[in-house]
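Structure first, then comments.
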2 protein chains.
Amino acid sequence: MNEDNFRSQMKKGILELCVLKVVQFQECYASNISERLKKVDLLVVEGTLYPLLTRLKNAGWIEYRWEESKSGPPRKYYQITEEGKVILKKLEKEWDALTQSIQSLNQPL
Amino acid sequence: MNEDNFRSQMKKGILELCVLKVVQFQECYASNISERLKKVDLLVVEGTLYPLLTRLKNAGWIEYRWEESKSGPPRKYYQITEEGKVILKKLEKEWDALTQSIQSLNQPL
DNA sequence: ATCTAGTACTTGGTATTGCAAAGTACCAAG
DNA sequence: CTTGGTACTTTGCAATACCAAGTACTAGAT
């Protein structure tokens, strides 16, 4: 056990929430999302982000359209679906509840 | 992907923090910890808690002493170590930073 | 004494998922 | 046509939460 890996471990399971939060406002492709998360010190590497986006898409929470790029191959621009918006609200509630729970452990019994 | 498992997924990686928070105040054995976490809806089952306690002990963040019990086998009473207290402070800072990061995703760009 | 129930701890297997690394594919500039 | 940049994909590994079964000890009932 190593505290240096702790942030990475903590991220497990909340990255879905973070990605949904990012794409809820506007269409993004992977690099947009990656940059946005990087700005808030939630670095996600390709090997994590792309499979995650695929899982979210297969779950029907996000969808994408192809768009040509001037500088390279076409990009998948993701947007949140109506179902995704519902899920996002649920996940945000769960997140708030979790932070409350942990907060409550700051005092004995 | 299924939102019902989300809370379980979110817990990944933060249970160490929760257990350290619980044992920082007083010696506990596994059932004490389990009950405390259950009260704040952070249910942890045996198969998760016991290996977790072993990992924390092997990392030197907690230690235990045996104590006889009137109703059953002896119990391992865990307490936090000095090193554990240092780690706990670090993890709490990481946790605060993480919640700040996620909070900041609640508005566009 | 032996059996049963309750408690405490341990162990083996599975599924999930973040990550590293390698691979594929497309485009533009030299 | 080669090189470099960008975008997406795939494979394998490691960590770990969970489930399920198992071990071990004590106390009380039969």
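Laboratory data are not the source of any read-out in this text; all were calculated from the coordinates shown. A quick note: this is a predicted structure, and the numbers were derived from the prediction, not measured. Counting neighbours? That spans all protein chains shown, and the Cβs are built from the backbone with ideal geometry, glycine included.
Loop sites here are trypsin sites (Lys or Arg not before Pro) outside DSSP states H, G, I, E and B with no more than 13 other Cβ atoms within 10 Å. The longest part of chain B free of them is B:13-69.
Distance to the B-onto-A rotation axis is smallest for one chain B Cβ; residue and value in angstrom are B:Lys12, 2. Cβ crowding within 10 Å, taken as a proxy for footprinting-reagent exposure, orders B:Glu16, B:Glu27 from fewest neighbours to most as B:Glu27, B:Glu16. Adding -39500 (n - 2.57) for every DSSP H run of four residues or longer, then dividing by how many residues chain B holds, sets the calculated 222 nm ellipticity at -17000 deg cm²/dmol. Copy-to-copy label distances for A:Thr48, where each label lies 7 Å from Cα along Cα-to-Cβ, are 2.0 nm in order of increasing length. Relative contact order for chain A: 26 percent, from Cα pairs under 8 Å spaced at least 6 residues apart, divided by residue count. Taking a 26 Å limit on the Cα-Cα distance, which of the listed pairs A:Lys39/B:Lys39; A:Lys93/B:Lys76; B:Lys70/B:Lys90; A:Lys38/A:Lys85; A:Lys90/B:Lys57; A:Lys70/A:Lys90 fall beyond it? Too far apart for the 26 Å limit: A:Lys39/B:Lys39; A:Lys93/B:Lys76; B:Lys70/B:Lys90; A:Lys90/B:Lys57; A:Lys70/A:Lys90. Only the Cβ atoms of Lys and Arg (+1) and of Asp and Glu (-1) were treated as charged; on that basis the dipole of the protein assembly as shown about its Cα centre amounts to roughly 20 debye. Taking the Kirkwood radius as Rh and the Cα radius of gyration as Rg, chain A has a ratio of Rg/Rh equal to 1.04.
Could you work out the relative contact order of the range B:34-86, using alpha carbon pairs under 8 angstrom and six or more residues apart, expressed as a whole percent? The value is 25 percent. Dipole size of the range B:1-77 about its Cα centre, with +1 on Lys/Arg Cβ and -1 on Asp/Glu Cβ: approximately 100 debye, rounded to the nearest 20.
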